[in-house]
Amino acid sequence: MSEAVADGLMRREDGRVSCWWPGDDPFYQRYHDEEWGRPVGDDQRLFEKLCLEGFQSGLSWITILRKRENFRKAFAGFDIPTVAGFGEDDVERLLQDAGIVRHRGKITAAINNAQRALELQVEAGSLAAFIWQYEPAPETRPERIDHAAMRMLAKTPESTALSKALKKRGWRFVGPTTVYAFMQSMGLVNDHLEGCEWREPTEAARAAFKRPT
């Protein structure tokens, strides 16, 4: 069993110190260690995460994470042009798929958002170029990312601005809290806590990342 070592930090059975939220679940720990906060500039991965964050609304992220491979199969790997072309037959197929979240509104939102993503690619050159415009400036970030700071970061001015920009272009299920969770996971911010062993490697990955333009 892991044990708390500081507010928001835990020491795992292997002795490593990490953010508290993966708990003792090895599957969740791998997501924290290998993915969360690492910068992403690939349109397909960004689109996938925006869709999955939309499906997560009202549910826990671990629930969606455990179904991610099922979602990928159901949504053609989240290939944007393919999902944009889904029709009513696909909606009915997805509503019968017990491996995903069977919510008509969220399913149709994903299809709609794929169509909107194609438009954004024309407008901005890529979905990534559009999204990364909303990366917060370093001076706007908390001086220290600790548990107290995280409790204040459910949404930010930048996530609110990106949410508004997406909604203006017809996207759905992209509220500011959903968008901030997306920004955390895709590396637009590094919210690994001070003292988490993955904070510095994540910051190094962000420093080396070439921002899409």
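The values are calculated or read from the model by the stated rules, or taken from the named source; none is laboratory data. Computed from a predicted structure; not experimentally measured. For neighbour counting, all protein chains shown are included, and Cβ atoms are generated from backbone atoms with ideal geometry for every residue, glycine included.
Every residue in the stretch 58-80 that is assigned to a loop (DSSP other than H, G, I, E, B) and within 17 Å of residue 46 (Cα to Cα), please.
75, 79 - these are the residues of the stretch 58-80 that are assigned to a loop (DSSP other than H, G, I, E, B) and within 17 Å of residue 46 (Cα to Cα).
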Filter pass, residue 5 being more than 24 Å from residue 135 (Cβ to Cβ), buried (at least 16 other Cβ atoms within 10 Å of the Cβ) and of a type in the set (Val, Ile, Thr): no
Any hit, the stretch 169-190, residues being over 17 Å from the mean Cα position of the chain (by Cα) and farther than 21 Å from residue 23 by Cβ: yes
Any hit, the stretch 146-157, residues being assigned to a loop (DSSP other than H, G, I, E, B), at pLDDT below 95, within 26 Å of residue 62 (Cα to Cα) and in contact with a Leu (Cβ under 9 Å, 6 or more places away or on another chain): yes
Any hit, the stretch 28-48, residues being crowded, with 20+ Cβ neighbours inside 10 Å, of a type in the set (Ser, Thr, Tyr) and closer than 24 Å to residue 206 by Cα: no
Residue within the stretch 101-118 that is touching an Asp or Glu at 6+ places or on another chain (Cβ under 9 Å), small (Gly, Ala, Ser) and part of a helix (DSSP H, G or I) present: yes
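Taking the stretch 162-213, which residues are in a helix (DSSP H, G or I) and hydroxyl-bearing (Ser, Thr, Tyr)?
Selection gives 163, 177, 178, 180, 185, 202.
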Cross-chain or 6+ apart pairs with Cβ under 6 Å, the stretch 65-78 first and in contact (Cβ under 8 Å) with a residue 24 or more places away in the chain and of a type outside the set (Phe, Trp, Tyr), then surrounded by fewer than 18 Cβ atoms within 10 Å (Cβ to Cβ) and not in a helix (DSSP H, G or I): 70/99; 74/97
The stretch 100-122, subset exposed (fewer than 12 other Cβ atoms within 10 Å of the Cβ) and of a type outside the set (A, V, I, L, M, F, W, C), residue nearest to the chain's Cα centre (by Cα): 105
Neighbours by Cβ (under 8 Å, 6+ apart or cross-chain): first from the stretch 7-29, under 17 Å from residue 199 (Cα atoms); second modelled with pLDDT of 95 or more and hydroxyl-bearing (Ser, Thr, Tyr): 9/18; 10/18; 12/18; 21/28; 22/28; 22/31; 29/18
The stretch 49-61 residues that are small (Gly, Ala, Ser) and surrounded by 23 or more Cβ atoms within 10 Å (Cβ to Cβ), paired with ones that are at pLDDT 95 or above and part of a helix (DSSP H, G or I) (beta carbon under 9 Å, 6 or more apart): 54/106; 54/109; 54/110; 54/113; 54/178
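Would you please name the residue that is surrounded by the fewest Cβ atoms within 10 Å (Cβ to Cβ), looking only at residues in the stretch 124-138 that are free of Cβ contacts under 8 Å to residues at least 40 places away in the same chain and in a helix (DSSP H, G or I)?
Among them, the one singled out is 138.
Out of 106, 67, which single residue is basic (Lys, Arg) and touching a helix residue (DSSP H, G or I) at 6+ places or on another chain (Cβ under 6 Å)?
Sole residue among the options that is basic (Lys, Arg) and touching a helix residue (DSSP H, G or I) at 6+ places or on another chain (Cβ under 6 Å): 106.
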Leading residue by the ranking (nearest to residue 199 (Cα to Cα)) among those in the stretch 139-165 that are of a type in the set (Gly, Ala, Ser) and surrounded by fewer than 16 Cβ atoms within 10 Å (Cβ to Cβ): 148
Condition met for residue 14 (more than 17 Å from the chain's Cα centre (by Cα) and part of a loop (DSSP other than H, G, I, E, B)): yes
